[in-house]
Structure formats: structure tokens, C-alpha cells
Amino acid sequence: MSIQTVETGLDLGTKFLTNQSAYFLGLLMANEQTQSNNNVYWQAPVRHNPTHYNYQDLEEHYNYIKEIARFLGKDDLTQLTDFYIEQGFPIVKFNAGKKGVVTLFEQTSESYDIEQLVNDITDPLLSSDVSVKRAFLVGVFDGRGSYDKTAKFIALDYNNDAIRDIVANVLNDLGIEANINSKATARVRRDSTSAPRKKQIRIKHIEFLLNIGFISPTRFNSATSNLPSHYDLMNSSDILPSLKYISSNQDTLF
């Protein structure tokens, strides 16, 4: 299958849909924009709550993202959030002590939104190799996914149905089952004064770890903390730097 090209309203650093650009397009499904000097920038964020990470793992993740960004000429725009805060650059959604990594992509169209981005990348993405589709999904979950250890799901909040649709389509294309929790009645909190829960895409964590995986050491370690002994920890750096997943070490009987 040949490499697909993409035309978007963002400066992606390349017109080719590769594992590297697909990873960042996955991160960009966060749908977060900021503005500086009359320019609009889209954030490709990795975000952690203050008690859910350690700095050593975050710095390791940052170095891997830098390596991916180098393929796109975006390594100088990939920085720890502390750097942007110190520079006075207005990053968004990193309140309440949240830390992480942000890569910035400048918007080149005068007007552009997430629906247009999804529309621009859907056909090329679905026409791409399996590794490109997987790299996109890694990006989607690597930045904001969380492990629900009670329900044994990898979960992702989303705020737009276009995001839901493209993620669901790629998952379906790869034969990965997901629970799309979008009904308002299922997301109501017991405390009526609290903000409603966000819509979620949830994948059984074993299926996620077998077929997608994380680059993030923090998220991978959390999701594999109680892994059954018949799974081995694996690394697939040929797809993305330090892409971590699992593989069964049991023979299948037919």
C-alpha cells in the first residue's frame, strides 16, 4: 500500500501520512487551540494529573516524542509544559498542577476546526497501512488515555462526535472492539451539582495492549501493573520509538 498524502489547514511539517505524522494527528484529536501574536496554534498534548506521573517517566516520554517530532521538523515546538509556562506562552487545559508535553502546530487556514481536520484526514488514514492506523491510535490514547483498573478498560474522554467517528472507524478497520459511551443518561453524576461526565471511548485493556500500546512509560506501567503472567512485555520501535505492547506467551491450540 502506497504512502498517502494529506492536505490540512495546519502546518504538519509534511504532506505525507507516515507513522510519525499519524501519531501527532492522533494527539491533535484533543481538539485544543491557543493563540499568540495573532497566530492560532493547535496543541498536541500529553497531560497527566499531578499525582499520576513521575518526572523521570515524563522526561523519558518527552524524549521519545521529540524523536518523532524530528521527522516533521517540529522538535523545537515539542516542549515540556514547564518550558512554555516559563516563556509565558499561553497553553490551555494544564490547570490544577497538570504536567506534560505539548507540541504546537500552527494553523495555516484563516478558519479551521476539528470537523474540517477529521474530514481532511479520514480517507487518507483509512487508506493507509496498518502501521499508520496503529500509530494514529497510539497518539489518540498516548496523550490523554487512562486506565480504569476497576473496569479493566483504557478510556478516553472526547468532546466532539467527529473525533468519535474517526477513532471508531480506525478501530473497526483494525478489528478492535470499543465501547462508545456517548449517551447522556450513562454519563450523569450522582451529585447533580457536579459537571457532567464527558463522553468516552473505552477499550478492554488487554485488547488495547495487544493491538495498540503506549509510548508513555507512565500509562503503560499503569495498564500492566497487574498483568497476568501469560503475557510478555514487548517493544515495537520499528513503528514508533519505544512503542510498548504485550504478547501472549501461551501457544494457541486449534
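The values are calculated or read from the model by the stated rules, or taken from the named source; none is laboratory data. These numbers were taken from a predicted model, which means no experiment stands behind them. With ideal geometry, Cβ positions are generated from the backbone for all residues, glycine too; neighbour counts draw on all protein chains shown. Keep in mind that these areas ignore ligands, DNA and RNA; they rest on the heavy atoms of the full protein, side chains included. Shrake-Rupley method; radii C 1.70, N 1.55, O 1.52, S 1.80 Å.
A few notes on this one:
- Straight-distance candidates among the lysines for linking to residue 15, with alpha-carbon spacing under 23 Å and chain neighbours fewer than 8 residues away dropped: 66, 74, 133.
- Inverse of mean 1/r across different Cα pairs in the chain, Kirkwood, Å: 18.7
- Solvent-accessible area, 1.4 Å probe, carbon plus sulfur percent, for the chain: 44
- In the range 52-129 the Cα-Cα distances spread across 5 Å bins starting at 0 as 3, 12, 18, 17, 22, 15, 10, 4, 0 percent of all pairs.
- Result for the chain in a Gaussian network model with C-alpha springs under 10 Å: among 174, 209, 28, the largest mean-square fluctuation is at 174.
- Residue among 88, 213, 145 with the largest mean-square fluctuation in a Gaussian network model of the chain, springs linking Cα atoms under 10 Å: 88
- For the range 59-208, the Kirkwood hydrodynamic radius from C-alpha pairs, put into Stokes-Einstein at 10 °C and a viscosity of 1.306 mPa s, yields a diffusion coefficient of 90 µm² per second.
- Computed over the chain with a Gaussian network model linking Cα atoms closer than 10 Å, the most mobile of 231, 64, 53 is 231.
- Per-peptide packing, taken as the mean over residues of other Cβ atoms within 10 Å, places 128-134, 13-19 in the sequence 128-134, 13-19 from highest down.
- Rg and Dmax of the range 119-166, Cα atoms only, in Å: 12.5, 37
- Evaluating 6.51 cos²θ - 1.76 cosθ + 1.60 at θ = phi - 60° for every residue in the range 104-109, the Karplus couplings come out as 9, 10, 6, 6, 9, 8 Hz, glycine and proline recorded as x.
- Accessible surface, the chain, averaged per residue in Å² (probe 1.4 Å): 50
- Residue 108 sits among other residues whose Cβ lies under 13 Å from its own Cβ, and their net charge, with Lys and Arg +1 and Asp and Glu -1, is -4.
- For the range 42-161, a crude dipole built from +1 on the beta carbon of Lys and Arg and -1 on the beta carbon of Asp and Glu, taken about the Cα centre, is about 500 debye to the nearest 20.
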